[in-house]
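Chemist: Okay, here's the structure, questions in a sec.
Quick note: the coordinates plus some simple rules give every number you see, no bench work behind them. No experiment lies behind these values; they were computed from the predicted model shown. Cβ atoms come from the backbone with ideal geometry, glycine included; neighbour counts cover every protein chain shown.
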Amino acid sequence: MKGAATLKLVLSYLKRYWFLIIISLLFALCSVGLTLYIPIRIGDVIDAIDQGLEIAPILIEICILAGAVALIQWVMSLINNKITYNVTRDIRNEAFDKLEKLPLGYVDSHSYGEIVSRMISDIDQFTDGLLMGFTQLFTGIVTIVATFVFMLSLNWVITIVVVVLTPLSLFIASFISKSTYSLFKKQAEAKATETAIIDETISNLKVVKAFSHEDEALEEFDKADLELKKASTKAIFFSSLVNPTTRFVNALIYAGVALVGALAVINALPESISVPFTVGMLSTFLSYANQFAKPFNEISSVVTELQNALACAGRVFEFLDEKNEVADKENALVLTDTNGNVSLKDVEFSYSSDKELIKDLNLEVKSGMRVAIVGPTGCGKTTLINLLMRFYDVNSGSISVDNTDIRDITRHSLRQSYGMVLQETWLQSGSVKDNIKMGKPDATDEEIISAAKACHAHSFIKRLPQGYDTYISDEGSPLSQGQKQLLCIARIMLALPPMLILDEATSSIDTRTELKIQEAFFKLMEGRTSFIVAHRLSTIKEADVILVMNKGKIIEMGTHDQLIKSKGFYSQLYNSQFIETPEE
């Protein structure tokens, strides 16, 4: 996203807090006005000393003015902080809301670390730049204008010296900032890549260690770190040129004012441009020369930081501009009292246009049927589940529930009609009780315990430090993988949805417990349409119909006995699990 477009979007967020911005500007005016008045009084003190007059009243006034300036700047900082962090909160809330509205295809095609980097690191960098902009940019601009007016009222000749030399700072800052935007954008991208590698390594550390992949992981990280170093070094080098070069220009301005002012004090200037000038006025003017040049120095630094902030903001806005998941239709049906009749007609789907996955898939499932889905890895079993839940929409054809196309049903009500237990478990950060009642928030303690007992999770839960109130999370949890899966099964036992999806639901559970859970599942599946994905074919013998998938198509369909007798693909698949391959 271009810098100008990004800045326009940032300003649209700032407009929400226009009242606070106006107050901040008023405080900036007051602060600058008082700050510029103090050097005048200091000059009066010097002239008073030179004339032998009393200086105590003036010094007291200067102290009061300095105290007022400090108080005003403190309040202004509070206002600027409030504006900045409100904008940051708005953007981060929108980013999180966007994350929930994005299609799963986006999340599946982007690393989690890269997404997290945009939502956390990039927004933090943007916040720092925005805060500096408010703190220094507004005050700096007001200071430049006000100082110019004050200087012009004192001595127009010396004012010209200051005004002619000062714009050099802006030219230098402008020249450097053209390079820094793209460099800071590369730096942000390199940070995102490194964050993604760290996130992936931490989440898969057991796999890294099990396959002795430490050296390769380190090499990959070193490569990303080197790219970050190159991008950061260039960005920081160019941005750091601004401060010393503008300070050099400021020193030239100060020297020029001192020289011309000293000549004016001793009346050494030509009469045509000579105006009355005292030592006190020279002191005031030297102070103004610094005051006038300092904002240019600060603004040039702010410009550099803003380039970094805008580069990061651009990445965040690119994320916010991603297309949302297709919204529910305005008159979408809310599914209630689901019977569980599911129909798939001429379904075609692929994750990418160049790789065909599911083609011409047709299936009729009557209410209460137990449908098992089997087949080799990559045949489309999990993809079929994703389509049933409408995590993805079909490319063509249709999927219907109770004779209604699921695209005409609200996603919320469709997904509430399914109870799903996957091979991959997911727990939220919270108590065991909170995790179990996720699908039924108003469940009583008795119902929760009953569901836990039904899936044989009650005994291990009672052994936890605080029982059902024990705090757990998906990562760093004291629970084993099997115990996590039992909690996921307990959710379904509690919610009792009209349809079930069990995708290797007992894969992480020991055989003895699995047999008991199978019994509970059989009771649960009575009268409920159930889709069961399984690799262990012994667990699906009792299914009403078994779908054998291969290369995205249903190649065989029937009961276990029928498929065994047909001696087709399923028969070979089933026998291969029980017949040992002879040693060569």
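Chemist: Set Lys and Arg Cβ to +1 and Asp and Glu Cβ to -1, take the dipole of the chain about its Cα centre, and tell me which of M132, T377, N339 lies farthest positive.
Modeler: Comparing the listed Cα positions along the dipole, N339 ranks first.
Chemist: Taking the alpha-carbon centroid of each part, what is the distance from the stretch 419-477 to the stretch 228-262 in angstrom?
Modeler: Cα centres, the stretch 419-477 to the stretch 228-262: 61 Å.
Chemist: Here's a follow-up. Order 347-355, 552-560 from most to least packed using the mean count of other Cβ atoms within 10 Å.
Modeler: 552-560, 347-355
Chemist: Pairs of lysine in the stretch 188-252 with Cα under 27 Å and at least 8 positions apart or on different chains: total?
Modeler: Total qualifying Lys-Lys pairs in the stretch 188-252 comes to 9.
Chemist: Taking the Cα centre of the chain as origin and charging only Cβ (+1 Lys, Arg; -1 Asp, Glu), how large is the dipole, in debye to the nearest 20?
Modeler: In debye, rounded to 20, the chain gives about 500.
Chemist: What is the ratio of the Cα radius of gyration of the chain to 2.2 N^0.38 Å, with N the residue count, to two decimals?
Modeler: The chain yields a ratio of 1.44.
Chemist: Taking 23 Å as the cut-off for C-alpha to C-alpha distance, list the pairs among K462/K484; K366/K551; K101/K551; K437/K523 that go past it.
Modeler: K366/K551; K101/K551
Chemist: Separate question: Whole-Å semi-axes of the stretch 3-320's equivalent ellipsoid, largest first, each the root of 5 times a Cα gyration tensor eigenvalue?
Modeler: 50, 22, 16
Chemist: What does the helix-only formula give at 222 nm for the chain: each DSSP H stretch with n ≥ 4 adding -39500 (n - 2.57), the total divided by the residues, and the result rounded to the nearest 500 deg cm²/dmol?
Modeler: Value at 222 nm, helices only, nearest 500: -20500 deg cm²/dmol.
Chemist: For the stretch 421-496, taking Cα atoms only, what is the radius of gyration to one decimal and the Dmax to the nearest whole Å?
Modeler: That works out to 10.8, 29 Å for Rg and Dmax.
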